[in-house]
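Below is one structure; the comments refer to it alone.
Since every read-out is calculated from the coordinates, none of them should be taken as a lab result. Computed from a predicted model, the values in this text were never measured in an experiment. Because the Cβ atoms are built from the backbone with ideal geometry, glycine has one as well, and the counts that use them run over all protein chains shown.
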Amino acid sequence: MVATRRWLPLLLLASSGCLIEVKKLYDLDGRVDSVALDGKTSLPDVGQDSGSSGDLAVNVDSTVDTAPDSNSSPDTNSCVAESCNGVDDDCDGKIDNGACEPGCTGKQKGGAAFAFCTTSLSRADAAAACKQMSMELAHIADASENSWILSTAQSLLTEDAWIGGTDSASEGTWVWPDGTTFWVVQDAGAGPGYAAWGQGEPNDEDGEDCLEMVLVAADALVAGDWNDEGCWRTQSFICRE
Ligand SMILES: [Ca+2]
Ligand SMILES: [Ca+2]
Ligand SMILES: [Ca+2]
Ligand SMILES: [Ca+2]
């Protein structure tokens, strides 16, 4: 049910002692909010409801929030600029509107944003596309993340996909985009980080220096395996913030 909305002026006594005027939008649901929806202020939304459906709360910069309020607990929803993460950050009712690069779908796991992108790009171009979304090609910390990324990729992508590792700076020393070394070939079997290499990989065949997650089984490789691949190859990619 669409609530009747009433604009009312409200005078607040700011901490400085001066009065600031904000506008307040009431939903008439008979219940009263305790904290403003945007989380930016503890401005109480008190004593004004007498109708139905969700409150629309206010913040002290005079703009009105647009997401519904639960009315039952302090508000924690904070409307911020949209980013590619599978969440409607700006509370306009549209998920990731305008935030993802072409072909990319935003997802979130454990509070981290990911983008799964069907556009076929070289490793360098894929990294640049991730950067456009304030992300990097994905690092993967453990088997749990690898499993989730695999299953999500299988639902969205149809070809092998770039993830973040490379040994282009020092053959056999694999690093993530942030510079962290996760695998040194001469220490095969010992890391120092997590890796999910397929059988016989990394093999540096014809100078392969870029890491992909296998989605299409081929030869000894099965879906979810990691493989070093020629960086020039164009294929899908996975970004992470
Ligand atoms: Ca949105
Ligand atoms: Ca978003
Ligand atoms: Ca290599
Ligand atoms: Ca290989």
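Once the piece of chain linking Lys131 and Thr158 is laid out straight, how much longer is it, given 0.36 nm per residue of separation minus the C-alpha distance between them?
Length difference between fully extended and current span is 7.5 nm.
Quick one: plug the Kirkwood hydrodynamic radius of the stretch 88-156 (C-alpha pairs) into Stokes-Einstein at 37 °C, 0.692 mPa s, and report D in µm²/s.
253 µm²/s
How large is the Kirkwood hydrodynamic radius of the stretch 104-240, in angstrom, based on all distinct alpha carbon pairs?
14.6 Å
Need the full-extension length gain, Asp204 to Val80, defined as separation in residues times 0.36 nm minus the C-alpha distance. One decimal, nm.
Here the segment from Asp204 to Val80 would lengthen by 40.3 nm.
For the stretch 124-174, what does the alpha-carbon gyration tensor say about shape, rounded, prolate or oblate, given a ≥ b ≥ c as the root eigenvalues, a/c under 1.5 as rounded, and a/b over b/c as prolate?
Because a/c hits 1.5 or more and a/b fails to exceed b/c, the stretch 124-174 counts as oblate.
Take Asp204, Asp219, Asp167 and order them by how many other Cβ atoms sit within 10 Å, fewest up front.
Asp219, Asp204, Asp167
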